[in-house]
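The values are calculated or read from the model by the stated rules, or taken from the named source; none is laboratory data. All of these numbers come straight from a predicted model, not from anything done at the bench. Counting neighbours? That spans all protein chains shown, and the Cβs are built from the backbone with ideal geometry, glycine included. We work out accessible area using only protein heavy atoms, side chains counted, and drop any ligands, DNA or RNA first. Shrake-Rupley method; radii C 1.70, N 1.55, O 1.52, S 1.80 Å.
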Amino acid sequence: MKRPNDRWFRWISIPLLVLLANLFYLVEYEYDYRRYLGWALLGMAYVALMWEAVIWWLMFVRQRYARIQQTRLRVLVTFAGYLVLTTIFQMVFVWLTDVTNIALIPVNRQVYIVYLITGFICTLLVGSIYEVIYYLQKYREAVQETESVKKAGLQSQYDSLKNQVNPHFLFNSLTSLSALISEDRQKAGLFLDELASVYRYLLQAGQHPLVALGDEVAFLTSYRYLLDARFGGALRWDVAIDDRFINRLLPPLTLQNLLENAHRHNSLLPDSPLQLSIRTTHDGYLEVGNSIQRKKAAVFNRQGGLIQLAAHFDVLDLPPPVIRDDGHWFIIRLPLISKEQIDQRHSVPRPVAT
């Protein structure tokens, strides 16, 4: 356990405490500044020694109860030790001044009590300052650790999602592009432009934990073009986004994840197209749904993309998506977060268990 960096605190506090405490004995010193300064110097040496004992106890207890969850126990044990140490040091100091005949006043029971009370007050004051500084340091470390874990989780989720998208989606897109080149070069050029827009968004999406719904809708335009080119009339779209919610926030690639999940688990046929619905609700939610026409062949890791998406929302400390399946439609209801809500979350520190 590293010793607290308290050099300046000791250099200022020890003389200040001793000089102030000795002011109560000016009458006994007969207002002689030489006696006052002499006892003050002796007191500084004594308090410096006692301070070292207090710091030793402080470091010992912190080593035993270092976690922030043990704050309450650490404080109780620390201050109990302070009281014991103060009692021993103060009684020994008074006794030594008495037997060496350097005490300026007769040592009696009242003197012991006054010294003990003075020592308790000073030790508790100094100990409280050390404990507040230590708690704030641990709190800051806990917040930084939480943020690091959150960022690592976000990056892991994003990387996993991006790696899931890139190989299969790129292969299918290039296959469609190859077919278009031989059929219609103009459409192939448009397809290539939209493919570039999609991958530009994929590369930029990991830079922010949340993006505006408008950005996702813009991405949807390009992504929809690629899907329509690939599946033709096997997809039917119903998109209704209220402009009131265009600046609301959600995790990046949410729409891609849900659309990928829809056509991965359902059949897409020209004579039985898959219905896709993307709309905002009056209460500020995004609902993404698809008609259910499940593939006959089993799909491995069913709803894996949805589990990953739910984990992404959890890492961001957002309300979880709600899934409805009535046998005809599969609908995911997602919260759209306002910037004001994000600001409120950041302005209120998370409680730390003690």
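Descriptive notes on the structure:
- Per-residue SASA entry for residue 115, accessible area with 1.4 Å probe, Å² rounded to 10: 50 Å²
- Amide H contacts under 5 Å for residue 293: 267, restricted to partners 5 or more places along the chain or on a different chain, H placed in the peptide plane at 1.01 Å from N.
- Derived scalar couplings ³J(HN,Hα) [the stretch 88-95; Karplus, 6.51 cos²θ - 1.76 cosθ + 1.60; whole Hz; x for Gly, Pro]: 5, 5, 5, 5, 5, 5, 5, 4
- Relative packing of peptides 195-202, 106-113, 93-100 - highest average C-beta neighbours within 10 Å first: 195-202, 93-100, 106-113
- Integer Hz, Karplus 6.51/-1.76/1.60 couplings in order for the stretch 110-125, x for Gly and Pro: 5, 4, 4, 4, 4, 5, 5, 4, 4, x, 4, 4, 5, 5, 5, 5
- On full extension, the segment bounded by residue 287 and residue 110 gains 56.0 nm, given 0.36 nm per residue less the C-alpha separation.
- Think of each Lys and Arg Cβ as +1 and each Asp and Glu Cβ as -1; about the Cα centre, that makes the dipole of the stretch 179-285 roughly 120 debye.
- Ordered from highest to lowest accessible area with the whole protein assembly present and a 1.4 Å probe, 315, 92 read as 92, 315.
- For the pair residue 187 and residue 83, the difference between a 0.36 nm per residue extended length and the Cα-Cα distance amounts to 29.1 nm.
- Modelled this way, with points 7 Å down the Cα-to-C-beta line, the labels at residue 45 and residue 120 are 2.9 nm from one another.
- Between residue 211 and 250, the built amide H atoms are under 5 Å apart, and every one of these is 5 or more places off in sequence or on another chain.
- Using the Karplus relation 6.51 cos²θ - 1.76 cosθ + 1.60 with θ = phi - 60°, the per-residue 3J(HN,Hα) values for the stretch 186-194 come to 5, 5, 5, x, 5, 4, 5, 4, 5 Hz, with x marking Gly and Pro.
- Among 50, 59, the sequence by solvent-accessible area, most first, with a 1.4 Å probe is 59, 50.
- Using the Cβ-Cβ distance between residue 172 and residue 141 with R0 = 41 Å, the FRET efficiency computed as 1/(1 + (r/R0)^6) comes to roughly 0.30.
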